[in-house]
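Here is the structure we will look at, set down as structure tokens.
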Amino acid sequence: MILVPDTSVLIDGRITSMIKAGEYQGATIIVPEAVIAELEAQANNGREIGFSGLNELQSLCRMAEEKTIELKFSGIRPSLEQVKLASGGEIDAMIRSIAIENSARFITSDNVQAEVARAKGLDVIYLKPQVSDFVPLAIDQFFDEHTIAVYLKERVSPTAKKGSINDMKLAKIRDAPTSEYELRMMAQEILERAKRDPDGFIEIEKRGVTVVQIGSMRIAITRRPFSDGMEITAVRPIVDVTLKDYRKSELISKRILSEKQGLLIVGAPGCGKTTLAQSIATFLSDAGHVVKTMEAPRELQVPDNITQYTTLDGSMSNTAEVLMLVRPDFVIFDELRKTEDFSVFSDMRLAGIGMIGVTHANGVRDALQRFSDRVDFSVIPQIINTIIFLQQGIITRIYDVNFTIKVPEGMAGEVHLRPVTTISDHETGELVIDVFRYDGETIVMPVIPGIAAAPGPASAAKPLPPVQQIGQPVTTPQAPRSPAAEPKNENDDRPGWRLTEKEIQREIGRYTEGFVDVQMVSDTKAIVYIDDKDVPAAIGKGGKNISAIVNKLGVGIDIKPRSEFDRQQTVKPAAEEEINLGGGIKIQTDKKQLTILAPSESGRIVDVFAGKEYLFTATVNEQGEIHLAKNSSIAQEMIRRFTNNENIKLRPV
């Protein structure tokens, strides 16, 4: 009997087992050179399947030396052009041609290869994946009921972590060190099992590293050049818990089943985050919700009705596009690490899907820093409503995430009112962290208990506004007004204003070429003078640019051309006449304009009356003035009414 195996059979490793069982003893086995070239390329790229195939080939050579079989090599190595076309089946075609030339039986465990070979008229032996009668893996000998993880490395004695999540210790399993040959045999066995076991997956296959998931066990296999020696690390859970087993489980269940469906699980590696996440997934599924997971690698131990997705074409963004079509009620996103992960999590949550995320961090502040570095801090409360912090498998804290406009705690003397994301302890209601923008940077500032913000220029007039819950309108407090609001000059000692001026200069400067001159007129208002030619670019089409800056900084900005600033710097002509109308209102006239002086109404919209008759509506600027052209009909009417002894009054709208 003449047999021609393809690459999949040698990687699978079952051909030598079949020969040892006496099935193909005395057969002539012809190995195509294309198969050897493919295995060599995989091994050179550090892929474990390449080494597994070469080990199988070496076993065939030893059997040939023992006269158990006859081994031959045939064909030519594939060219560079054929290698480039390997994904299209060029290498597979070369392997089939050897079987045709030698009138041999073709052995494969690749279903597509088998179907094509049959279509070519070949006598095909298809080795179906084995799904039952699995014997224990060699690595299983290192596990007992108390073992959480096993660490095997060449020339080093095997060690294991034993105990529980609350109490883990590293212990030596045996004195004899593991050899590279022993590890290679284990790695080959693990790969073979992953290919046949329905619960087995090869999650990651890159140069020097292979990550395999078999049932509840996650196995990482590394070799040179990725690591300094061959190593196998196997981790498995030792407890199976439900959500009810956790402290505060009732609170968590109420939150994820209500409108607060953005939840982040935070903790150090190995503290039980994944176990809690899978408990929540099972709870939601039992409650009648459609639940999916996003994992790389897939390690959550969840019921079969919860589908586990991994990266699609190497990207979670592609996976998210599929999930948006599937329309699940909840998605468990295990291990947020990359910038893309945080972006995908945020996008799916804002799209209305309930999201439960897991991220590594030593504390809630570190987790927020990771989020705020990738997502605008003001959007975080819309993405995450609740943060759960774990230590050694125990839920130690639950935090509420909200949004408000206020002075950040402890910085009242340095900054003014601004948007702040607040994190507070759910049990005590105590504020823990403020997240805000300061000098162009996002600051995640812990709040020290017992130290309240000292009143400053922005907080003295009114108490701080209450923390706003997501879904409620955010009310912006009115800025305090002085009796006569004057533009800031160089002698004003307001560090908060100076910091805001720098932020405005930086943001406006992105759209301008000339110098940006900023004048703060209040805590929430600024006048910006720029070159006349830069005004359209700074404002943007439909006010897009300036609106974005105002929303970002929380300060109203009035863009003016520098030519107007230059005119204001010239000496104003002496007023021809100033008339006191009473009630703090005066009229001042010169050759060109009539000015109504009403400093008490600074920044307001007012109706102007002569007696009881309405004349017009105008906005009082921050300097407390309304300017009218002296020769305008409105100005002339005001002068006529005053001459007729009619009382001129301003009434706020």
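The values are calculated or read from the model by the stated rules, or taken from the named source; none is laboratory data. These figures come from a predicted structure and were not determined experimentally. Neighbour counts run over all protein chains shown; Cβ positions are idealised from the backbone, glycine included. With ligands, DNA and RNA removed, areas are computed over all heavy atoms of the protein, side chains included. Shrake-Rupley method; radii C 1.70, N 1.55, O 1.52, S 1.80 Å.
Numbers at a glance
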| read-out | value |
| --- | --- |
| Matching option when the condition is farther than 25 Å from Glu231 by Cα and assigned to a helix (DSSP H, G or I), among Ile49, Ile76, Ile15, Ile11 | Ile15 |
| Residues of the stretch 195-210 satisfying the condition of being open to solvent by less than 20 Å² (accessible area, probe 1.4 Å) and closer than 21 Å to Met294 by Cβ | Gly200 |
| Condition check for Phe342: buried (at least 22 other Cβ atoms within 10 Å of the Cβ) and in contact (Cβ under 8 Å) with a residue 12 or more places away in the chain | no |
| Selected residue [open to solvent by 20 Å² or more (accessible area, probe 1.4 Å) and over 30 Å from Arg498 (Cβ atoms)] from Glu427, Glu409 | Glu427 |
| Residue in the stretch 368-376 that is out of contact with any helix residue (DSSP H, G or I) (no Cβ under 9 Å at 6 or more places or on another chain) and at pLDDT 90 or above present | no |
| Ile504 vs. criteria under 20 Å from Asp439 (Cβ atoms), aliphatic (A, V, I, L, M) and part of a strand (DSSP E or B) | no |
| Condition check for Val266: part of a loop (DSSP other than H, G, I, E, B), of a type in the set (A, V, I, L, M) and more than 26 Å from Pro158 (Cβ to Cβ) | no |
| Meets criteria (of a type in the set (Lys, Arg) and farther than 20 Å from Phe342 by Cβ) for Lys254 | yes |
| Subset of the stretch 255-297 [open to solvent by 10 Å² or more (accessible area, probe 1.4 Å) and β-branched (Val, Ile, Thr)] | Thr274, Thr275, Thr282, Val290 |
| Test: Glu622 is surrounded by 16 or more Cβ atoms within 10 Å (Cβ to Cβ), charged (D, E, K, R) and at pLDDT 75 or above | yes |
| Residue that is surrounded by the fewest Cβ atoms within 10 Å (Cβ to Cβ) [pool: residues in the stretch 350-366 that are aliphatic (A, V, I, L, M) and farther than 19 Å from Thr274 by Cβ] | Ala351 |
| In the stretch 430-452, residue nearest to Ile383 (Cα to Cα) [restricted to those that are at pLDDT 75 or above, of a type in the set (D, E, K, R) and open to solvent by 10 Å² or more (accessible area, probe 1.4 Å)] | Arg437 |
| All positions within the stretch 398-445 that are hydrophobic (A, V, I, L, M, F, W, C), touching a residue at least 40 places away in the same chain (Cβ under 8 Å) and over 26 Å from Lys254 (Cα atoms) | Ile405, Val407, Met411, Ala412, Val415, Leu417, Val435, Phe436, Val444 |
| Sole residue being within 19 Å of Met18 (Cα to Cα), open to solvent by 50 Å² or more (accessible area, probe 1.4 Å) and more than 37 Å from the chain's Cα centre (by Cα), chosen from Asp175, Asp110 | Asp110 |
| In the stretch 211-226, the residues that are of a type in the set (A, V, I, L, M, F, W, C), more than 12 Å from Pro297 (Cβ to Cβ) and either open to solvent by less than 30 Å² (accessible area, probe 1.4 Å) or under 26 Å from the mean Cα position of the chain (by Cα) (or both) | Ile221 |
| Residue in the stretch 188-203 that is under 19 Å from Phe142 (Cβ atoms) and modelled with pLDDT of 85 or more present | yes |
| Residue among Thr386, Thr422 that alone is of a type outside the set (A, V, I, L, M, F, W, C) and buried (at least 21 other Cβ atoms within 10 Å of the Cβ) | Thr422 |
| Candidates Leu300, Leu336, filtered to the one that is assigned to a loop (DSSP other than H, G, I, E, B), in contact with an Asp or Glu (Cβ under 7 Å, 6 or more places away or on another chain) and open to solvent by less than 30 Å² (accessible area, probe 1.4 Å) | Leu300 |
| Only listed residue being among the acidic types (Asp, Glu), part of a helix (DSSP H, G or I) and surrounded by 19 or more Cβ atoms within 10 Å (Cβ to Cβ), chosen from Glu38, Glu81 | Glu38 |
| Top-ranked residue in the stretch 526-554 [being assigned to a loop (DSSP other than H, G, I, E, B) and modelled with pLDDT of 80 or more; ranked as least open to solvent (accessible area, probe 1.4 Å)] | Gly540 |
| Some residue of the stretch 625-632 being at pLDDT 80 or above and either open to solvent by 40 Å² or more (accessible area, probe 1.4 Å) or part of a loop (DSSP other than H, G, I, E, B) (or both) | yes |
| Any pair with Cβ under 6 angstrom, 6 or more apart, that starts in the stretch 101-126 at a residue that is among the polar types (S, T, N, Q) and ends at one that is surrounded by fewer than 19 Cβ atoms within 10 Å (Cβ to Cβ) | Asn102/Ile2; Ser109/Leu127 |
| Near pairs, Cβ below 9 angstrom, 6+ apart or cross-chain, from the stretch 596-608 (under 9 Å from Glu622 (Cα atoms) and open to solvent by 10 Å² or more (accessible area, probe 1.4 Å)) to any residue that is assigned to a strand (DSSP E or B) and acidic (Asp, Glu) | Pro599/Glu625 |
